[in-house]
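The values are calculated or read from the model by the stated rules, or taken from the named source; none is laboratory data. All of these numbers come straight from a predicted model, not from anything done at the bench. Every residue, glycine among them, receives a Cβ derived from its backbone with ideal geometry; neighbour counts consider all protein chains shown. Please note that ligands, DNA and RNA were not included when accessible areas were found on the heavy atoms of the full protein model with its side chains. Shrake-Rupley method; radii C 1.70, N 1.55, O 1.52, S 1.80 Å.
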Amino acid sequence: MFYDEAKIYVEAGAGGNGAMSFRREKYVPRGGPDGGNGGKGGDVYLVVDPQMNTLLAFRRRRHFRAERGGHGKGKKQYGKQGADLEIAVAPGTIVRDAESGELLADLTQPGQPALVARGGRRGRGNAAFASPSYQAPRLAEKGEPGQVRWLQLELKLLADVGIVGVPNAGKSTLLAAVTAAKPKIADYPFTTLEPNLGMVELDDGRSFVLVDIPGLIEGAHAGAGLGDQFLRHIERTRLLIHLLDGLSNDPLREFESIHRELALFNPTLAEKPRLVALNKIDLPPARAQIDPVREQLRGKGIDLYPISAVSGEGVRVLLYKAADLLDQIPKETPREPVALAHREAREDGSFRIQREPGGYRIRGARAERLVAMTDFRYSESILKLHQELKALGVVKALEEAGIKPGDTVYVGELELEWGERL
Ligand SMILES: Nc1nc2c(ncn2[C@@H]2O[C@H](COP(=O)(O)OP(=O)(O)OP(=O)(O)O)[C@@H](O)[C@H]2O)c(=O)[nH]1
Ligand SMILES: [Mg+2]
């Protein structure tokens with residue numbers, strides 16, 4: 001099981017309904033309208049929590065709802081605003097709309113919130129509609145439904161250094177030797193089934209995050225072995241340690257085939273700065289390979305770092321070299337979160353009319369919102385909706401499409417019967 005992808009459902013709170021109410025007082029024969037507005041629905045945000053490093057939490061909980069706004073009441077009492085909901089995600093989480101695939105946010109910085117579902121607008125109470133020429137409005141709006149969507153979360157682990165190599169090279173042994181991570185280690189290939197992360201802390205105070213991924217073999221990009229599904233975990237690392245198995249018959253051939261697999265997955269991986277280490281030099285057959293392998297790599301302009309992950313020989317030199325290189329390679333500058341606010345605030349009045357069996361469907365953000373906010377208990381609300389749809393051009397478009405009284409009009413989740421006034 002891999003926990004670096006998750007699909008979650010987010011639902012912002014609906015706006016509270018406005019109230020329809022008239023003042024009742026002793027000795028005042030006709031009180032004015034005093035129905036208060038509803039409260040705005042709560043928004044849903046994703047926020048980076050630096051403590052988290054997986055999306056594991058979303059296997060236990062997938063559905064998230066922000067609070068709805070309170071309903072307005074008489075005596076001009078406003079409904080309370082629905083509380084926003086913040087969902088904690090690990091740094092490096094990429095958020096997409098699951099349906100459209102649209103990138104919504106790329107969350108790297110702690111505390112950086114991304115709005116992913118907008119709470120519904122408040123419904124206005126009848127007091128809000130009162131004017132000198134309209135002194136006793138008998139209508140109120142319903143709150144707008146909150147935005148609802150499925151999100152696809154993807155976590156690219158933010159490691160600085162990735163260890164790559166054939167199965168059994170000793171990658172996990174090296175990770176375990178230099179960090180507090182406790183990966184599974186065994187003398188058979190494909191011991192590691194998912195990436196392990198650990199923090200290296202050098203005694204000069206420098207530190208970096210190391211990730212060990214499952215072993216690669218020739219053809220990994222086409223699915224051989226465990227395939228290339230883990231390579232995305234090292235796409236954002238700044239440096240690779242390519243670990244060669246000192247007990248292999250031909251470490252250099254393996255070096256080249258792994259390098260090809262990296263390039264086939266993503267050419268930038270093959271271009272990443274890297275250190276090449278030959279492991280297991282505590283064993284004589286491995287030690288005997290140092291000179292020939294070093295010689296062959298030198299021909300390619302590559303230095304070799306002989307190490308033993310078990311005895312520790314050469315490891316310190318390798319880690320210091322890695323830290324020195326990292327000092328020169330800038331960290332990926334965190335990108336700004338994709339701003340959603342302005343894009344969604346711009347709700348234009350465009351719409352389409354579609355023929356459906358037995359009626360017509362209106363598609364368009366504003367038209368759908370106006371209908372969703374109409375409280376059909378009040379005939380004045382229906383009249384107001386009619387005027388609004390007329391102003392948008394919807395009524396004319398329906399008539400041109402040939403609508404007749406009695407036909408059904410579908411808008412969002414509602415079905416309306418086209419009548420005298422609508
Ligand atoms: N003698 C010796 N054995 C080592 C050394 N490093 C790893 N090994 C052994 O090599 C075997 C494989 O080690 P792992 O760390 O599991 O190898 P890996 O590269 O993570 O393997 P996969 O996860 O399967 O890709 C284990 O039996 C280790 O004990 C070393 O420096 N010296
Ligand atoms: Mg391993």
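Quick one: in segment 250-288, which of the residues that are among the β-branched types (V, I, T) and either within 16 Å of ligand 1 (Cβ to nearest atom) or not assigned by TED's automatic domain parsing to the domain that holds K300 (or both) is farthest from D228 (Cα to Cα)?
Among residues in segment 250-288 that are among the β-branched types (V, I, T) and either within 16 Å of ligand 1 (Cβ to nearest atom) or not assigned by TED's automatic domain parsing to the domain that holds K300 (or both), the one farthest from D228 (Cα to Cα) is I281.
Considering every residue within segment 11-20, establish whether at least one is open to solvent by less than 40 Å² (accessible area, probe 1.4 Å), hydrophobic (A, V, I, L, M, F, W, C), out of contact with any Gly (no Cβ under 7 Å at 6 or more places or on another chain) and closer than 24 Å to E154 by Cα.
no
For T173, state whether it is in contact (Cβ under 8 Å) with a residue 60 or more places away in the chain and either more than 15 Å from ligand 2 (Cβ to nearest atom) or surrounded by fewer than 17 Cβ atoms within 10 Å (Cβ to Cβ) (or both).
No; evaluated as a whole, the condition is false for this residue.
Working only within segment 205-224, note down all residues that are modelled with pLDDT of 80 or more and open to solvent by less than 50 Å² (accessible area, probe 1.4 Å).
F208, V209, L210, V211, D212, I213, P214, G215, L216, G219, A220
Only one of R138, R149, R122 is of a type in the set (K, R), away from ligand 2 (no atom under 15 Å from the Cβ) and not in a loop (DSSP other than H, G, I, E, B). Can you tell me which?
From the options R138, R149, R122, the qualifying one is R149.
Quick one: would you say A117 is under 18 Å from L151 (Cα atoms) and either β-branched (V, I, T) or open to solvent by 20 Å² or more (accessible area, probe 1.4 Å) (or both)?
no
Within segment 55-93, count every residue that is open to solvent by less than 100 Å² (accessible area, probe 1.4 Å), within 30 Å of G198 (Cβ to Cβ) and either modelled with pLDDT of 85 or more or under 13 Å from the mean Cα position of the chain (by Cα) (or both).
9
Tally up the residues in segment 75-123 that are in contact with a helix residue (DSSP H, G or I) (Cβ under 8 Å, 6 or more places away or on another chain) and of a type in the set (S, T, N, Q), please.
Residues that pass the stated criteria total 0.
I need every pair where a residue in segment 122-149 that is in the same structural domain as V44 (by TED's automatic domain parsing) and among the small types (G, A, S) has its Cβ under 6 Å from the Cβ of a residue that is open to solvent by 30 Å² or more (accessible area, probe 1.4 Å) and in a loop (DSSP other than H, G, I, E, B), sequence separation at least 6 or different chains.
Matching pairs, first to second residue: G123/N17; G123/K142; A127/K76; A140/M20; G143/N17; G143/R122.
Every residue in segment 157-175 that is assigned to a loop (DSSP other than H, G, I, E, B) and either charged (D, E, K, R) or more than 8 Å from ligand 1 (Cβ to nearest atom) (or both), please.
L157, L158, A159, D160
In this structure, does Y9 turn out to be touching a residue at least 24 places away in the same chain (Cβ under 8 Å), among the aromatic types (F, W, Y) and in the same structural domain as R118 (by TED's automatic domain parsing)?
yes
Which ones in segment 184-227 are of a type outside the set (S, T, Y) and assigned to a strand (DSSP E or B)?
Within segment 184-227, N196, L197, G198, M199, V200, E201, F208, V209, L210, V211, D212 qualify.
Taking segment 176-202 as the region of interest, how many residues are within 30 Å of the chain's Cα centre (by Cα), touching a residue at least 60 places away in the same chain (Cβ under 8 Å) and either surrounded by fewer than 16 Cβ atoms within 10 Å (Cβ to Cβ) or near ligand 1 (Cβ under 8 Å from one of its atoms) (or both)?
0
Taking the condition outside the structural domain of G120 (by TED's automatic domain parsing) and either farther than 30 Å from F208 by Cα or modelled with pLDDT of 70 or more (or both), does R335 pass?
Judged against the criteria, R335 is not a match.
Being away from ligand 1 (no atom under 15 Å from the Cβ) and among the hydroxyl-bearing types (S, T, Y), is that true of even one residue in segment 205-220?
Looking for residues that are away from ligand 1 (no atom under 15 Å from the Cβ) and among the hydroxyl-bearing types (S, T, Y), one finds at least one in segment 205-220, hence yes.
Please find, among R361, R352, R366, the residue that is open to solvent by 20 Å² or more (accessible area, probe 1.4 Å) and in contact with a Leu (Cβ under 9 Å, 6 or more places away or on another chain).
Answer to the check: R366.
Consider G143 carefully, then state whether it is more than 10 Å from ligand 2 (Cβ to nearest atom), open to solvent by less than 30 Å² (accessible area, probe 1.4 Å) and in a loop (DSSP other than H, G, I, E, B).
Yes; evaluated as a whole, the condition is true for this residue.
Results for (1) within 21 Å of S172 (Cα to Cα); (2) at pLDDT 95 or above; (3) within 16 Å of ligand 2 (Cβ to nearest atom), shown as yes or no for each residue.
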residue: L231; (1), (2), (3): yes, no, yes
residue: T237; (1), (2), (3): yes, no, no
residue: E261; (1), (2), (3): yes, no, no
residue: L269; (1), (2), (3): yes, no, no
residue: K280; (1), (2), (3): yes, yes, yes
residue: L297; (1), (2), (3): no, yes, no
residue: I307; (1), (2), (3): yes, yes, yes
residue: G314; (1), (2), (3): yes, yes, no
residue: Y320; (1), (2), (3): yes, yes, no
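Kindly evaluate L153 against the criterion of being open to solvent by less than 20 Å² (accessible area, probe 1.4 Å), farther than 21 Å from H259 by Cα, under 24 Å from the mean Cα position of the chain (by Cα) and not small (G, A, S).
yes
How many of the residues making up segment 403-412 are open to solvent by 40 Å² or more (accessible area, probe 1.4 Å) and touching a residue at least 40 places away in the same chain (Cβ under 8 Å)?
Looking only at that region, the number is 1.
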